[in-house]
Amino acid sequence: MYETERQELVDKISLKGITDKAVLNAIGEVERHKFVPVAMKQHAYNDVALPIGHGQTISQPFTVAFMTQALKLNPGGKVLEIGTGSGYQAAILLKMGMEVYSIERNVDIFYKTRKLLDEMELRINTKCGDGTLGWEEFAPYDGIIVTAGSPTIPNSLKKQLALGGRMVIPVGDKTSQRLKIVTKLEEEKFGIEEIPEFAFVPLIGREGWNEK
Ligand code: SAH
């Protein structure tokens with residue numbers, strides 16, 4: 001279902017500058033309409049963020065593609081995602097051949113998405129908790145992708161990045177962020193590249209925004 005719409009979406013985001021074939025293939029294969037609420041299905045292949053309940057959103061496909069491309073992953077690599085949300089971003093990473101770990105803090109979203117991932121037989125490792133602290137047990141990660149906006153780059157996440165690994169994280173205030181691409185050069189040495197003008201829901205946690 002929706003194959004034509006999905007191909008049109010791939011064409012659209014490649015025109016917007018996504019060149020990584022593995023990313024474009026994954027966007028062309030993962031059925032985004034299964035990750036959005038029923039009422040949103042007809043909009044699933046528009047290049048827009050959509051509400052998934054609890055004030056949260058499934059990210060815009062271009063943003064998913066951009067962040068994933070920025071990680072420069074090799075198949076078989078280990079990736080940690082903070083903010084599972086709908087599970088769409090995690091499914092894209094899995095489709096690209098990654099070993100995926102993903103953390104969600106909202107209990108309702110966590111269970112709903114876990115059920116969907118099981119039904120779709122997507123082998124994604126998930127946990128419910130504060131992702132600003134990372135998931136130490138399976139560290140280090142070749143890539144870390146944070147899908148909510150943070151006031152700073154959490155130290156725990158920097159620690160859990162493998163040498164040569166990359167993290168993409170939106171950093172800024174609560175309404176607008178710059179996407180930071182952080183490369184771990186040495187144990188305490190990081191290269192940081194910045195892309196302006198992104199908007200994400202807030203990352204709430206010990207090393208994120210305080211809960212109101
Ligand atoms: N990657 C998701 C986008 C989800 S929106 C997708 O593909 O659909 C961001 C998600 O981050 C929300 O579900 C929100 O509840 C979650 N979140 C916010 N702060 C968090 C934290 N500290 N740890 C884990 N998840 C968090």
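One table, with the values for the structure above:
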item	result
Other-chain or far-sequence residues with amide H under 5 Å of S150's (modelled H)	V171, G172, L203
Dipole in debye (nearest 20) - the chain, about Cα centre, beta carbon charges: Lys, Arg +1; Asp, Glu -1	140
Cα gyration tensor, segment 19-73 - rounded (a/c under 1.5), prolate or oblate	prolate
Per residue value of the accessible surface for the chain (all protein chains in place, 1.4 Å probe), Å²	49
Surface share of carbon and sulfur [accessible, 1.4 angstrom probe, percent] for segment 59-212	48
Full-extension gain in nm, L163 to E3, via 0.36 nm per residue minus C-alpha separation	53.7 nm
Computed [θ] at 222 nm, helices only, for the chain once each DSSP H run of length n ≥ 4 contributes -39500 (n - 2.57)	-8000 deg cm²/dmol
Degrees, to the nearest 10: 61-70 long Cα axis against longest axis of the chain	40
Which listed pairs, of K34/K189; K95/K184; K78/K112; K115/K189, have C-alpha distances above 29 Å, in listed order	K34/K189; K115/K189
Cα-based shape type of the chain, given that a ≥ b ≥ c are square roots of the gyration tensor eigenvalues and the cut on a/c is 1.5	rounded
Stretchable slack from E119 to V48, in nm (0.36 nm times residue separation minus alpha-carbon distance)	23.0 nm
Rounded to 10°, Cα long-axis angle of helix 3-15 versus longest principal axis of the chain	40
Other-chain or far-sequence residues with amide H under 5 Å of I144's (modelled H)	L80, R166, M167, V168
Gap separating the Cα centres of segment 157-212 and segment 29-65, nearest whole Å	23
Distance between modelled label sites at K41 and V107, nm, 7 Å Cα→Cβ extension	3.1
Relative contact order of the chain, pairs being alpha-carbon contacts under 8 Å that are 6 or more residues apart, as %	15
FRET efficiency estimate (nearest 0.05) - Cβ-Cβ, S14 to K127, R0 30 angstrom	0.35
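The values are calculated or read from the model by the stated rules, or taken from the named source; none is laboratory data. Computed from a predicted model, the values in this text were never measured in an experiment. We place every Cβ from the backbone using ideal geometry, glycine too, and count neighbours over all the protein chains shown. Each accessible area value is taken on the protein alone, full model and side chains, heavy atoms only, with ligands, DNA and RNA left out. Shrake-Rupley method; radii C 1.70, N 1.55, O 1.52, S 1.80 Å.
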